[in-house]
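Here's the structure we're looking at; comments come further down.
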There are 2 protein chains.
Amino acid sequence: MRSKDIAKLVGVSRSTVSRVINNYPDIPPATREKVLKAIEEYNYVPNVPARRLAGMKSRTLGLFLLDIIEEEKPHHLKISNENLVYNNNFFAAFTNAFIDQANKKDYYILVSIIYNMEDFKKAQDAFYGKRIDAGVFIGGKTQEYKYIFNVIQPDYIIGIVDFEPEDLSRQKAVFVNMNDYEGAFKAVEYLITLGHRRIGIITGDLSKGSGVRRLRGYKDVLSQYNLEPDPKMIVCGNYVEESGFNGMNQLLAGPHRPTAVFCCNDSMAIGAYRAINEAGLNIPNDISLIGFDNTQVSEYLSPPLTTVHVPLSEIAVNMADLLIESIAKGKQVAINKLVDTVIVKRASCKKL
Amino acid sequence: MRSKDIAKLVGVSRSTVSRVINNYPDIPPATREKVLKAIEEYNYVPNVPARRLAGMKSRTLGLFLLDIIEEEKPHHLKISNENLVYNNNFFAAFTNAFIDQANKKDYYILVSIIYNMEDFKKAQDAFYGKRIDAGVFIGGKTQEYKYIFNVIQPDYIIGIVDFEPEDLSRQKAVFVNMNDYEGAFKAVEYLITLGHRRIGIITGDLSKGSGVRRLRGYKDVLSQYNLEPDPKMIVCGNYVEESGFNGMNQLLAGPHRPTAVFCCNDSMAIGAYRAINEAGLNIPNDISLIGFDNTQVSEYLSPPLTTVHVPLSEIAVNMADLLIESIAKGKQVAINKLVDTVIVKRASCKKL
DNA sequence: CTGAAAGCGCTTACAG
DNA sequence: CTGAAAGCGCTTACAG
């Protein structure tokens, strides 16, 4: 079924059929209805590639999930597929809301996972091959994000989550970030409010913007409350459970262990739980713990984890809207939007 | 940059450029290389819609996630986006592996979420508008799946997860199912092996194929071991946490409570944990529990949940391969493929 | 081995 | 208000 067939059926030209489909004014209601009826009856759907070729947009947004592990082989070469990026609730919440919001505005979503620098070719092909009208990148490290500007020409519309542009006039894109700094600040401030003075941190991946900003929040709140920083209280993690386990063991090993620890994400907090349990200590009686992300699991830990909720769906909705706005305007909207976090108080923190 | 530009640059015709791109034989290596070099140098990517229009495939697979709630408003009208289908690890693991496998074979993925019967229009549009070469549906109830055959003409290639066709010669599609029956059978058999005789079940959604098959496995193993079935031991759930909570309360309320319960998925097991804790009982000392799905959370419950692992990535890989095979052959492969489960033993079951 | 040309199914100035 | 026609960027018989 082509527009030509509908035209013949109704007794008008393809031009008229096209005008009805595209809501041109000045079509007499009677004609419009006849055409619409035939379209309905025969389940006619215009050929999208043909429309695209004739100059229309494809109404598709790209979603590129970065899951680049430098030191190792790409994830998908591992034996098990079960622990990939997608199992990470962090992505799932964003992905879901992004698809949803785009669908509402009549856009489709093309998803790809980028496992290594070479895979950026997939994103480039999607843009350059005119599969998508715009695309968003999420999950990358600062260096990886910078690379995007080399791979994707500035005449394509892009969005990035978790990257703070140095110069919005040069790095043009829709940037939507969660307010990591404020979230970390509030998290540690909460521990201080509970009476904690010796507060440790297991940092996130410091090659990601969020890792750096959360650490900065931690440092700043301590200095604001005149608590002297102790380098022994700062251990480096990388957002992975194992690094939380190791980090907590390191914090527990010292002669003067912290009474509370800020884990820069929930996965590391899970590792920290394990370390604390294995050391025969109790949460929150011996040590209080606060996480970041409010992943699904955090609520089911025992005790349930106090954590910083990241409104990923809000980030996703903003991102979809701003990308679609860019497409409508025909030019990249350049903006750096910040979304606030909120603390979810559960049982893993104790008042001293 | 169009093929015409590359042609001019190299000094050949567009036909030749096209032949190089499409790996035609009989191109002299020198010509091939010159063309390839220009393509590389100018980052030329052929216009996908134009290729599609000229008769090639779009190399895109549709992924339709069904999340239809009959009684209520569609999920996305709720205030919070956080608990949608995508947060469900069940989907996430499939989705990830499916994207991954398709990407490996040089296919892109178009995802949409279907919240109500009207949303099937999104899937229809994707097929009829030639956005995709094939598409898979997951997460639906038996009735919803049947509707697909009305909405999508049989000349399009489709796949369905969790639907047992009545007649493969009439309902042509790639069906990949986990072996729910065998999984349930093994789960309950394991409880019997541990010495349990009075075994309850909180069923899944019985409007889904998996719900029916898991219940059947439960019944059959009991009869095979000559344990008389007790209708009081069978309570209906719907795969949602709350129904596990209610179901367990119902099982605990009776005069003669079960020593073990088979929860037909992990979400309901979580609800059951809560009911048991609130009743002041202990898992596994007072009651043993086994789940189904092996979701990420199951491992972090206390005690960690014994459950049936569903190899979703294997299902996804099979589905992607069979869909792509269908596309290559130019006709729907009709097959009903079963994937086996495996029990993951953790601390929630006790030997009597 | 290779170019000129038709054709894929649309949209949209253009002319009336 | 509406039709004929050009053009979007490819691929692929066709002819040589």
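The values are calculated or read from the model by the stated rules, or taken from the named source; none is laboratory data. Note that the structure is predicted; figures quoted are calculated from it, not measured. Here Cβ is always computed from backbone atoms with ideal geometry, including for glycine, and neighbour counts include all displayed protein chains. Note: accessible area is taken over every heavy atom of the protein model, side chains too, but ligands, DNA and RNA are not part of it. Shrake-Rupley method; radii C 1.70, N 1.55, O 1.52, S 1.80 Å.
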- prompt: log10 I(q)/I(0), Debye, Cα-only the protein assembly as shown, no solvent, q = 0.06, 0.09, 0.10 Å⁻¹?
  reply: -0.40, -0.88, -1.05
- prompt: So which aspartates and glutamates pass the test for B:LYS57, namely a Cα distance under 17 Å, with those fewer than 8 places away in the same chain ruled out?
  reply: A:ASP125, B:ASP106, B:ASP125, B:ASP133, B:ASP155, B:ASP321, B:GLU325
query: To the nearest 10 degrees, how steeply does helix A:266-278 sit against the main Cα axis of chain A, on a 0 to 90 scale?
result: 30
message: Which positions within region A:19-67 get 30 Å² or more of their accessible surface covered by the other protein chains, compared to the chain by itself, with a 1.4 angstrom probe?
response: A:ASN43, A:VAL45, A:ASN47, A:VAL48, A:PRO49, A:LEU53
Loss of accessible area when B meets A, both sides summed, Å² nearest 100, probe 1.4 Å: 5000
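Could you tell me whether region B:3-46 comes out rounded, prolate or oblate from its Cα gyration tensor? Rule is a ≥ b ≥ c as square roots of the eigenvalues, rounded for a/c under 1.5, then prolate if a/b exceeds b/c, otherwise oblate. Present the calculation step by step, with values, prior to reporting the outcome.
On the way: a/c = 1.44, a/b = 1.41, b/c = 1.02.
Rounded is the answer for region B:3-46, as its axis ratio a/c remains below 1.5.
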- line: Sorted by chain and then number, the residues having a modelled amide H within less than 5 Å of the amide H of A:ASN265, at least 5 places away or on another chain, are A:PHE292
task: Rounded to whole Hz and in sequence order, give me ³J(HN,Hα) for region A:11-18 from the Karplus expression 6.51 cos²θ - 1.76 cosθ + 1.60, θ = phi - 60°, writing x for Gly and Pro.
output: x, 10, 8, 4, 4, 5, 4, 4
- request: Can you tell me which of A:45-55, B:98-108 comes out highest on packing, and rank the rest after it, using the mean Cβ neighbours within 10 Å?
  value: B:98-108, A:45-55
- line: Env charge @ A:ARG14, Cβ radius under 10 Å, K,R +1 / D,E -1, value +3
query: Quick one: helix A:241-253 against the long Cα principal axis of chain A, what's the angle to the nearest 10°, folded into 0 to 90?
result: 20
- prompt: Can you work out ³J(HN,Hα) from phi for every residue in region B:343-352, in order, using Karplus 6.51 cos²θ - 1.76 cosθ + 1.60 and θ = phi - 60°, giving whole Hz and x for Gly and Pro?
  reply: 7, 10, 7, 10, 8, 8, 10, 10, 6, 7
query: Angle, helix A:209-224 long axis vs. longest principal axis of chain A, Cα atoms, 0 to 90°, nearest 10?
result: 40
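Per residue, how large is the accessible surface of the protein assembly as shown? Use a 1.4 angstrom probe and give square angstrom.
Working: 30380 Å² over 704 residues.
Result: 43 Å² of accessible area for each residue.
For the cross-link pairs A:LYS104/B:LYS329; A:LYS104/A:LYS329; A:LYS122/B:LYS208; A:LYS146/B:LYS105, which exceed 26 Å when the distance is taken from alpha carbon to alpha carbon? Mind showing how you got there, number by number?
Details: A:LYS104/B:LYS329 35 Å; A:LYS104/A:LYS329 19 Å; A:LYS122/B:LYS208 36 Å; A:LYS146/B:LYS105 28 Å.
Violating the 26 Å Cα-Cα cut-off are A:LYS104/B:LYS329; A:LYS122/B:LYS208; A:LYS146/B:LYS105.
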query: Across region B:288-302, in residue order, what do the Karplus-derived ³J(HN,Hα) couplings come to in whole Hz, using 6.51 cos²θ - 1.76 cosθ + 1.60 with θ = phi - 60° and x for Gly and Pro?
result: 9, 9, 10, x, 8, 2, 6, 6, 4, 4, 3, 6, 9, 5, 10
- line: Heavy-atom accessible area of the protein assembly as shown with neighbours in place, 1.4 angstrom probe: carbon+sulfur share in percent works out to 49
task: Quote the Stokes-Einstein diffusion coefficient, in whole µm² s⁻¹, for chain A, based on the Kirkwood radius over alpha carbon pairs, a temperature of 20 °C and a viscosity of 1.002 mPa s.
output: 94
task: Every other copy gets compared here: list the nm distances from the B:ASN23 label point (7 Å along Cα to Cβ) to its counterparts, shortest first, one decimal.
output: 4.4
- prompt: Just which residues of region A:117-131 lose 40 Å² or more accessible area with every protein chain there, against their chain alone, with the probe set to 1.4 Å?
  reply: A:LYS122, A:TYR128, A:GLY129, A:ARG131
- line: Computed from the beta carbon distance with a Förster radius of 41 Å, FRET efficiency for B:ALA253 and B:LEU338 to the nearest 0.05 stands at 0.65
field: Estimated inter-spin distance, B:ILE27 and B:GLU40, nm [label 7 Å along Cα→Cβ]
entry: 1.4
message: Out of all Cα-Cα pairs in region B:180-310, roughly what percent, to the nearest whole number, are more than 17 Å apart?
response: 50
Lysines with Cα under 17 Å of B:LYS350, excluding same-chain neighbours fewer than 8 positions away: B:LYS186
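In debye, nearest 20, what is the charge dipole magnitude of region B:180-310 about its Cα centre with +1 on Lys and Arg Cβ and -1 on Asp and Glu Cβ, if you could check? Could you put the intermediate results ahead of the total?
Numbers: 11 positive and 14 negative charges, 65 e Å.
It works out to roughly 320 debye.
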